[in-house]
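What follows is one structure encoded as structure tokens, with my remarks underneath.
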Amino acid sequence: MIWDRSRNEEQPERRIVRADPFAALLEHAPLMVLLLDEQGRVVSANKSAREFFEIEQDRLPASLVEVTLEASLVEVLGSSANESEAYLVHHRRTVLVKLEPSLRAGETLMFLTDVTELRRLATVRQEFVANLVHELKTPITSLRLTAESLLSDPPPKDRHRFAERLVKEADLLSKIIDNLRQLGEIEARTMAVEPSQFDLGELVQESVTRLGIDRPVNTDIPASLLVTSDRPKLVQALDNLLDNAAKFSPPGSAIDVSALVAGDEVRLSVRDRGPGISPEHWSRVFERFYKVDRARPREAGGFGLGLAITKHLVQVLGGRIWTETARDGGQVFTIALPGQVLTNA
């Protein structure tokens, strides 16, 4: 008898689990669970719910609003639906709420699953499809109208002009497809990184010369700043930023390109002197087809894919990119490369 009692005293947790395995399962479930009594008060919460709502177990039972600070959950509880979505204003999250009867009469289990990221991704996908349709519809419509004009057997000089238009629109479609293909390769992680060491100042100067930018480009880059990275990918990212700065700056205004070592990073910045971008757009300008100014002509503003490609290229290189307004006007885009690939001659 002494041996049996000793063994039981040494394993109290195992006795509890055998007594109520369902409660133990809910405690460690990867979703939030609240146990409500007949009055709708919270009498218990599992670990996920306690951490999310910052619940102190010894203060229970308490009203649902007092515990969660979310009136929307009270509305869900009072509705006739067993499953619905609710937006948590205080926590700024969207949750899927499911109500199920508990094992004890009168009690209700409220299951909450955070679906904020799923809903965001769904919105991004919907916007992507809508934007893709919009971008493809314009050149396809132009191709059809031009082809129909050629069918009417116009004069030779008009035929030549129409043929040039066909080639131009076909090139636009090809560019969109190539950009989308490249984005797909980057996101699928099928792009190999081939690092080499090069002088950052020389890379910048080569890009400026090759692009033939029709405005002054001021550079402020430390001499002999050597970077080890995938040179072609960094060149493409920089080219996109320079091209973007040239498109959105007033004619004749300068573009500034600077670099510095900040802690364990090297930061390469491109600044234009355009109207700037409102802060609410700063994170979204790197999305596919996202345009701050929808009314801007395609020829002037591009397809909205350049910055998306730039962001993904920088991420492939192990870096990060962001944008902010310059102190004295214009917009600055900054690429930060990891310090472990940095050396100074």
*Pair list, Cβ < 8 Å and 6+ apart or interchain, from segment 220-236 residues that are on the phi > 0 side of the Ramachandran plot to residues that are of a type in the set (Asp, Glu) and not in a loop (DSSP other than H, G, I, E, B)*: 224/199
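Using the structure shown, decide if residue 33 is modelled with pLDDT of 90 or more and not aromatic (Phe, Trp, Tyr).
Judged against the criteria, residue 33 is a match.
Conditions (1) surrounded by 19 or more Cβ atoms within 10 Å (Cβ to Cβ); (2) assigned by TED's automatic domain parsing to the domain that holds residue 215; (3) of a type in the set (Asp, Glu); (4) at pLDDT below 90, marked per residue:
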| residue | (1), (2), (3), (4) |
| --- | --- |
| 268 | yes, yes, no, no |
| 281 | no, yes, no, yes |
| 299 | no, yes, yes, yes |
| 309 | yes, yes, no, yes |
*asked:* Anything in segment 190-222 that is assigned to a loop (DSSP other than H, G, I, E, B) and of a type in the set (Ser, Thr, Tyr)? List them, or say none.
replied: 190
*asked:* For segment 89-110: of the residues being in contact with a helix residue (DSSP H, G or I) (Cβ under 9 Å, 6 or more places away or on another chain) and basic (Lys, Arg), which is surrounded by the fewest Cβ atoms within 10 Å (Cβ to Cβ)?
replied: 92
_Going residue by residue through segment 176-189, is there one that turns out to be part of a helix (DSSP H, G or I), touching a Phe, Trp or Tyr at 6+ places or on another chain (Cβ under 8 Å) and not assigned by TED's automatic domain parsing to the domain that holds residue 269?_
yes
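If we keep just the residues of segment 28-41 that are assigned to a loop (DSSP other than H, G, I, E, B) and without any contact (Cβ under 8 Å) to a residue 24 or more places away in the chain, which is nearest to the chain's Cα centre (by Cα)?
Checking each candidate, the answer is 30.
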*Where residues in segment 139-164 are touching a helix residue (DSSP H, G or I) at 6+ places or on another chain (Cβ under 7 Å) and of a type in the set (Ser, Thr, Tyr), which of them is farthest from residue 174 (Cα to Cα)?*
149
_Can you report the number of residues in segment 237-264 which are assigned to a strand (DSSP E or B) and surrounded by fewer than 17 Cβ atoms within 10 Å (Cβ to Cβ)?_
3
_Candidates 86, 71, 81, 29, filtered to the one that is of a type outside the set (Lys, Arg), exposed (fewer than 15 other Cβ atoms within 10 Å of the Cβ) and closer than 19 Å to residue 118 by Cβ_ = 29
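Among 185, 169, which is under 20 Å from residue 306 (Cβ atoms) and either surrounded by fewer than 15 Cβ atoms within 10 Å (Cβ to Cβ) or modelled with pLDDT of 85 or more (or both)?
When all the criteria are applied, what remains is 185.
Under the condition of being within 18 Å of residue 197 (Cβ to Cβ) and among the polar types (S, T, N, Q), which residue from segment 225-236 is surrounded by the fewest Cβ atoms within 10 Å (Cβ to Cβ)?
Of everything passing the filter in segment 225-236, 228 is surrounded by the fewest Cβ atoms within 10 Å (Cβ to Cβ).
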*Among the candidates 44, 48, which residue alone is of a type outside the set (A, V, I, L, M), assigned to a strand (DSSP E or B), outside the structural domain of residue 285 (by TED's automatic domain parsing) and touching a Pro at 6+ places or on another chain (Cβ under 9 Å)?*
44
*Could you look through segment 75-115, keep only residues that are β-branched (Val, Ile, Thr) and within 32 Å of the chain's Cα centre (by Cα), and pick out the one that is farthest from residue 37 (Cα to Cα)?*
115
*Quickly run through segment 97-122 and pick out the residues that are of a type in the set (Lys, Arg) and closer than 16 Å to residue 29 by Cβ.*
98
*Quick one: which of 200, 109, 211 is assigned by TED's automatic domain parsing to the domain that holds residue 254, touching a strand residue (DSSP E or B) at 6+ places or on another chain (Cβ under 6 Å) and either hydroxyl-bearing (Ser, Thr, Tyr) or on the phi < 0 side of the Ramachandran plot (or both)?*
200
*Please go through segment 188-215 and pick out each residue that is farther than 17 Å from residue 312 by Cα and exposed (fewer than 11 other Cβ atoms within 10 Å of the Cβ).*
196, 209, 212, 214
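The values are calculated or read from the model by the stated rules, or taken from the named source; none is laboratory data. Computed from a predicted structure; not experimentally measured. Here the Cβ is made from the backbone with ideal geometry for all residues, glycine too, and neighbour counts use every protein chain on show.
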